[in-house]
Amino acid sequence: MGDDQCQYFHLLSFAYSLTSLTVLQGTWAKLSEVSVKGAQYNSRERQPHPKCLQGTRVDLLKYIHGFLDDTEKNRLIWLHGTAGVGKSAVAFTVADKMKDLKVTEETNVEKRLAGTFFFSRKHTKRCTAGYFFATLVYQLATNFPSIRNDVNRAIRDNPALLDPD
């Protein structure tokens, strides 16, 4: 390959890289817009954060943490119950502990807390499942950068995934 061809190839390669980066940033921006930041466990929108008082719900928290530490089990927990029983306090307490734990000792990026969504009857975007998946995907891709390209490809191939309706 001659010098002119090499320069042309490098220019095309650079242009393709910039286009790919622009598409990724555009998709990421769209996902960020659809994601409901107020649904995350540490959102300023939900302050003061409900949390378990010291010495309360000890058995339940021990059970949940044991469940989450067991690599042989599915580690998705769905808390349910009537209003006012403390679901949000338990969920916040667990999420707060998990946010600082790493997936493995070797990684310094990927966290054990994959994502959270706190539903609320008072908030339009948090009272239905319409924004649930986009919000969790945004958090997953933030906490696990290794999946961002896959998320980008899925959204690029099917933009309707970002439609909350």
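The values are calculated or read from the model by the stated rules, or taken from the named source; none is laboratory data. The structure presented is a predicted model; accordingly, all values stated were derived computationally and were not measured. As a convention, Cβ positions derive from the backbone with ideal geometry for all residues, glycine included, and neighbour counts pool all protein chains shown. Just so you know, the surface numbers come from the protein's heavy atoms only, side chains and all, with ligands and any DNA or RNA stripped out. Shrake-Rupley method; radii C 1.70, N 1.55, O 1.52, S 1.80 Å.
Where the accessible area of segment 47-101 is counted over protein heavy atoms with a 1.4 Å probe, how much of it, in %, is carbon and sulfur?
Values: 2290 of 4060 Å².
Roughly 56 percent, rounded to a whole number.
Largest first and in whole Å, give the semi-axes of segment 47-101's equivalent ellipsoid, each being the square root of 5 times a Cα gyration tensor eigenvalue.
Semi-axes from the Cα gyration tensor: 19, 13, 11 Å.
If the reach is capped at under 20 angstrom between alpha carbons, list the lysines near Lys97, excluding any in the same chain fewer than eight residues apart.
Straight-line reach from Lys97, under 20 Å: Lys37, Lys51, Lys62, Lys73, Lys87, Lys111.
Would you please give the residues with an amide H less than 5 Å from that of Phe118, counting only those at least 5 places away or on a separate chain, with H modeled from the backbone geometry?
Gln40
About the Cα centre of segment 40-165, how large is the charge dipole given +1 on each Lys and Arg Cβ and -1 on each Asp and Glu Cβ? Please answer in debye to the nearest 20.
Computed about the Cα centre, the dipole is about 540 debye.
Please give the per residue accessible area of segment 47-101, computed with a probe of 1.4 Å over protein heavy atoms only, in Å².
Dividing the accessible area of segment 47-101 by its residue count gives 74 Å².
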